Amino acid sequence: MVPMRIQDALRCWAVWLVLFCLWFAATLPASAQVSKEYQVKAVCLWRLAQFVTWPTNAFENTNSPIVIAVLGENPFGDLLNAAVSGETAHGRRLAVEHYRSVSDIESCHILFVSASEAGHVKKVFTKLAGRSILTVADAEDFARSKGGMICFLTRQNKIKLQINLKAVTAARLVLDSRLLRAAEVIGNE
């Protein structure tokens, strides 16, 4: 059993890590290259894995990795692969997949829906219904009106999280309260 002071220190460290990601995004100049923005978003994506609890049946076995996937055109290039290289969450290694179509999705735990799929979002959610996959995008209305779970919103050169708690709960996912405190939470009416 971990002593209470160590647990508190670990919690504090995790909160500071999320805040660092958000601070880093805030320091980007308005004219920053897209790659800098997506570098921050890549780090945020794998950090999300540390704040999500999946049901045990979301994994094939105890050694299965947490799979972060990109659906559609990949705005990250190699940045997401670099961000997760050697990283773990919940004692599982992280892996990256890329899918051209929602029908190609096999094992996935976090799915970034790229802008190229904006016209197919309803089809994506229909296909993923009943699966414990955290859906993330950076489209303005992804969480609020489209039914996505987490939206990366860029406001005054800062990346803010908007979380649709109703969609998260429907997918049988549990988000750490520290993540919820750092985000705009919707869908919890």
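The values are calculated or read from the model by the stated rules, or taken from the named source; none is laboratory data. Since the model is a prediction, treat every value here as computed from it, not as a measurement. Counting neighbours? That spans all protein chains shown, and the Cβs are built from the backbone with ideal geometry, glycine included.
Restricting attention to segment 120-133, does a residue exist that is closer than 16 Å to Ala58 by Cα, among the aliphatic types (A, V, I, L, M) and touching a Pro at 6+ places or on another chain (Cβ under 9 Å)? Looking for residues that are closer than 16 Å to Ala58 by Cα, among the aliphatic types (A, V, I, L, M) and touching a Pro at 6+ places or on another chain (Cβ under 9 Å), one finds none in segment 120-133, hence no. Applying a threshold of 8 Å to beta carbon distances and a minimum spacing of six or more residues, or different chains, the list of pairs starting in segment 39-60 at a residue that is touching a residue at least 40 places away in the same chain (Cβ under 8 Å) and ending at one that is aromatic (Phe, Trp, Tyr) and assigned to a helix (DSSP H, G or I) reads Val40/Phe24; Val43/Phe24.
Every condition in (1) out of contact with any Asp or Glu (no Cβ under 9 Å at 6 or more places or on another chain); (2) at pLDDT 95 or above; (3) closer than 22 Å to Gln39 by Cβ is met by Gly77 except one, and the failing one is (2). Checked against (1) more than 13 Å from Leu48 (Cβ to Cβ); (2) touching a residue at least 24 places away in the same chain (Cβ under 8 Å); (3) of a type in the set (D, E, K, R), Lys166 passes all but a single condition, namely (2).
Conditions tested, residue by residue: (1) free of Cβ contacts under 8 Å to residues at least 60 places away in the same chain; (2) more than 18 Å from Ala49 (Cβ to Cβ); (3) crowded, with 16+ Cβ neighbours inside 10 Å.
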position: Ala82; (1), (2), (3): yes, no, no
position: Ala89; (1), (2), (3): yes, no, yes
position: Arg93; (1), (2), (3): yes, no, no
position: Ser103; (1), (2), (3): yes, yes, no
position: Cys108; (1), (2), (3): yes, no, yes
position: Lys123; (1), (2), (3): yes, yes, no
position: Glu140; (1), (2), (3): yes, yes, no
position: Phe152; (1), (2), (3): no, no, yes
position: Lys160; (1), (2), (3): no, yes, yes
